Amino acid sequence: MKDNIKKIRLAVVVVLVLIAGVFFLGQKPVNNQNNPTQQNSVTEQKADNSKMPDFILGKVEKIEGQKVFFKSGTEEKSVLVSAGTQIIKQVKEKNAYKNVEAKLGDIKKGVQIVVYYQSINGSEYTANKIQILPF
């Protein structure tokens with residue numbers, strides 16, 4: 001009797017694991033490394049819908065006027081900062097981080113930034129928001 005209960009429990013667990021695996025595989029696209037049409041940069045996100053913004057993560061190399069030059073992975077990029085570009089920075093407060101308003105002068109060489117962009121022209125981005133990260 002105990003052996004039958006153990007076998008039934010094992011069968012139920014196996015079935016649940018299989019169902020969960022099928023469900024999760026059906027929800028996520030398979031990442032095919034051999035497909036040359038896929039984006040190589042892990043730090044760049046091109047949204048497929050209007051709910052997620054387009055963004056790229058990088059480390060600031062230099063600032064010249066209204067242009068910020070940064071490196072994303074091994075590629076050099078630049079972002080044009082306009083009057084309409086919102087700049088924020090994350091500030092640690094107690095045990096959490098909060099976003100506060102910032103200005104172009106707060107962006108320094110060596111800091112990590114997230115550029116939320118509205119358009120790309122080659123390697124130059126036009127940003128609607130830049131977020132300065134604390135690390």
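The values are calculated or read from the model by the stated rules, or taken from the named source; none is laboratory data. Since we're looking at a predicted model, the values are computed, not measured. Neighbour counts run over all protein chains shown; Cβ positions are idealised from the backbone, glycine included.
Here 75, 101, 44, 64 are screened, and the one residue that is under 24 Å from residue 119 (Cβ atoms), surrounded by 12 or more Cβ atoms within 10 Å (Cβ to Cβ) and at pLDDT 60 or above is 75.
Among the residues of the range 80-98, those identified as within 18 Å of residue 64 (Cα to Cα) and buried (at least 16 other Cβ atoms within 10 Å of the Cβ) are 80, 81, 85, 87. Looking at (1) in contact (Cβ under 8 Å) with a residue 60 or more places away in the chain; (2) in contact with a helix residue (DSSP H, G or I) (Cβ under 7 Å, 6 or more places away or on another chain); (3) not polar (S, T, N, Q), can you tell me which one residue 132 breaks? For residue 132, the failing item is (1). The single condition from (1) surrounded by 10 or more Cβ atoms within 10 Å (Cβ to Cβ); (2) modelled with pLDDT of 95 or more that residue 125 fails is (2). If the condition is being hydroxyl-bearing (Ser, Thr, Tyr) and under 16 Å from residue 121 (Cβ atoms), then the range 63-88 contributes 72, 78, 82, 85. Considering (1) surrounded by 13 or more Cβ atoms within 10 Å (Cβ to Cβ); (2) of a type in the set (Phe, Trp, Tyr); (3) without any contact (Cβ under 8 Å) to a residue 60 or more places away in the chain, the lone condition that residue 117 does not fulfil carries the number (3).
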